[in-house]
Amino acid sequence: MRAPAPAPEHTPPRAVRRTRRTRRAAGALASAALLLPLVSALPDATAAGGGQDALQRDFARAAAEYHVPQSVLLAVSYLQSRWDTHAGAPSVTGGYGPMHLTDAATALAAPSSRGPSQGAHHSDSGEDARGDTARPHRAAAPVLPSPGTLPERLRTLDRAAGLTGLPPAALREDTAANVRGGAALLADAQKRLGLPASGSPADWYGAVARYSGASDTATATTFADDVFALIRTGERRTTDAHQQVTLTPAPDIAPRREQVARLGLATPPAGPVECPSTVACESVPAPYQRLEGSDYGNHDLSDRPRSHKADFIVIHDTEGSWETALKLIKDPAYVSWNYTIRSADGHIAQHVPVKNVTWHAGNWFVNAKSVGIEHEGFLARPDAWYTEEMYRTSARLVRYLARELDIPLDRQHILGHDNVPGTVPSSIKGMHTDPGPYWDWAHYFELMGKPFHPTASPFSGMVTIRPDYDDNEPVYTGCEQPGRPCAPHGSGAVRLHVAPRDDAPLVKDIGLRPDGSDSTTGVNDTGARASTGQQFAVADRLPGWTAVWYLGQRAWFRNPWWEPVAVGAAGKLVTPREGLKEIPVYGRAYPEKEAYPAGVPVQAVTPLPYKLPAGQAYVLGGAYPGEYLYAKDFDPAKHTVVRGKDVYYEIQFGHRVAFVRAADVTVRPSNR
């Protein structure tokens, strides 16, 4: 059943970003089941002749040529690409340029190499997605689907070529041509609907719905509604090619929504879903069935919140296509997650009810208390676009789930897979790293109506990490080949050093590197990384630099007053109880052994290889009773929730969260 829509439905326009440095091509992307490869790069629009308003003029010319209202063309483009060119790299669905003209066949034909991403399929890095030593689950290597026949939504560029007379290469590689191709597709959609080329944007609702490429009315309507919501609010932005583009607000626009009936699209498949009414959501159930012997898959039946509460929402990326993700979720011997979100149009599939426990995070304590959401995309391929429409529909889903499950909308409870801790020392290295440093957490939380604002003075004892995504371009390596630099790209993460110097070594993560070696700039190396929205206690300050407590050590990041990457915050901090030199840190909050009833094996409360020394402080995220869900049988009636007397505090310990026993620490307010 669909729930009532959350409010507010849309967010106000964002302020103009500072000029971004041009992104170079991101390298080869994936095959149909994995990565879509890079072809030639789009030239910088400024170089093509025309300064910082060249792209705005391209939209104006194309709108005039094809008699499409300019606001419609601009809004459609923004929802697909936020007007970026992505340096010519195709999206996860083979879309090119600001208009996201899809040519997946060409993308698939180009040479490709898969980078060393740990965000990939849940079994690829050796991570046990279930994360429970009482019943470990090692998914067999999945049999990936062949590309097959590409649906129409993945080959719109050829149709644009036929309508414009432009060669496909130009539509892929030239920005102005790409915009013309998008305008031609909209004009053709209007004509096919038997509608005149009206000058009123309100008359283009049906054409916009068709542009989405959706095969069902719900997805097409959601996309069109988002386009017209954007026309009402307006938008302005500086793109990745230094182009300043403005969509002037038209608050009184009233689109003709009845036009969607002319499209003749299918009704969404029937089935119960738990989604807000402002997204298109279908049921694609994951199988719950017996396998060989006593084994079963691919999730656990539960009764949340009556048996135990969900406290986290975990954000993943698929490291593969939508089609691949939907085939994998139907494999009973594979692992599971609750939702998948499609890149181009934000369509959502729900696989497992939120009351049940999916095997997605590699940590059973987190799995038992979380909802997992996969997004079609690739962590090491930033230009295989996490699209604007995907961000928007995902933000609505998370906001809805957070309200329904009473989960706070903050970075202590909305985690990336890369923020989930290993359960024991041996599992740390295998933990996944998606959605990675290129996921735009700041924009995501803005869309949820929870932006990361300062809550204390710039000199407070606590900070929230908040770099400007577009201008923040730390060097990463290993996107395509080990040790090779990734293409410069905006990032929501900052790098942490042992001293306040750019040439100082990065801080160490003894869990990832027990030999004590330094962290690296690798795109999958989370050992010296602080991410947007995460909060830390301040350890020291020097001009242009701030130090925070991180993994038991002092960690410095560049933070000049004229271009800060962190803002003051207020909250609660935990520090070792007086008289203790150091305290252990845990990856899960399990009960003491006395709490386990007969028949339920005691789970060891195993500390991680880190220590929290006296004198250091860490931000408190939440308090949790020691809890263990014993689920080892196909029959959920034999499952048991074990709760102990020990209470644990979640803390932001490094890039990943961790847990400490409440009895070991003192809680105090931060210095405002």
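Data overview
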{"item": "Net charge, A617 excluded, C-beta distance under 11 Å - Lys, Arg +1, Asp, Glu -1", "result": "+2"}
{"item": "Solvent-accessible area of L629 with every protein chain in place, 1.4 Å probe, in Å² to the nearest 10", "result": "10 Å²"}
{"item": "Shape of the stretch 259-313, Cα gyration tensor, a/c cut at 1.5", "result": "oblate"}
{"item": "Packing-based order for 576-586, 413-423, using average beta carbon neighbours within 10 Å, highest first", "result": "413-423, 576-586"}
{"item": "Cα centroid separation, the stretch 236-259 to the stretch 330-380 (Å)", "result": "32 Å"}
{"item": "Heavy-atom accessible area ranking, 1.4 Å probe, most first, across W337, W549", "result": "W549, W337"}
{"item": "Computed over the chain: relative contact order in percent, which uses C-alpha pairs under 8 Å that are six or more apart", "result": "14 percent"}
{"item": "Degrees between helix 175-192 axis and first principal axis of the chain (Cα, 0 to 90, nearest 10)", "result": "70 degrees"}
{"item": "Helix 54-66 vs. the chain, principal-axis angle (Cα, 0 to 90°, nearest 10)", "result": "50 degrees"}
{"item": "Theoretical ellipticity at 222 nm over the chain - DSSP helices of four or more residues, -39500 (n - 2.57) apiece, nearest 500", "result": "-5500 deg cm²/dmol"}
{"item": "Among the listed pairs K429/K450; K309/K429; K309/K581; K429/K611; K327/K638; K330/K355, those beyond 23 Å (Cα-Cα)", "result": "K429/K450; K309/K429; K309/K581; K327/K638"}
{"item": "Accessible area, probe 1.4 Å, largest first, for residues E152, E376, E323", "result": "E152, E323, E376"}
{"item": "Rounded if a/c under 1.5, otherwise prolate or oblate - the stretch 514-672, Cα gyration tensor axes", "result": "prolate"}
{"item": "Surface share of carbon and sulfur [accessible, 1.4 angstrom probe, percent] for the chain", "result": "54 percent"}
{"item": "Residues of type lysines that K632 reaches as a straight line, Cα spacing below 16 Å, ignoring anything fewer than 8 places off in the same chain", "result": "none"}
{"item": "For peptides 454-463, 565-574, 187-196, 383-392, sequence by mean Cβ density within 10 Å, most packed first", "result": "383-392, 565-574, 454-463, 187-196"}
{"item": "Å² of accessible area per residue within the chain, as computed with a 1.4 Å probe and no ligands counted", "result": "35 Å²"}
{"item": "Antiparallel DSSP beta bridges within the chain, percent to nearest 5", "result": "75 percent"}
{"item": "Cα long-axis angle, helix 70-81 against the chain (0 to 90 degrees, to the nearest 10)", "result": "30 degrees"}
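The values are calculated or read from the model by the stated rules, or taken from the named source; none is laboratory data. Since the structure is predicted, the reported quantities are computational estimates derived from the model, not experimental observations. So basically every Cβ, Gly included, is an ideal-geometry build from the backbone, and we count neighbours across all protein chains shown. The protein model used for the area step is the full one, side chains on, heavy atoms only, and it has no ligands, DNA or RNA in it. Shrake-Rupley method; radii C 1.70, N 1.55, O 1.52, S 1.80 Å.
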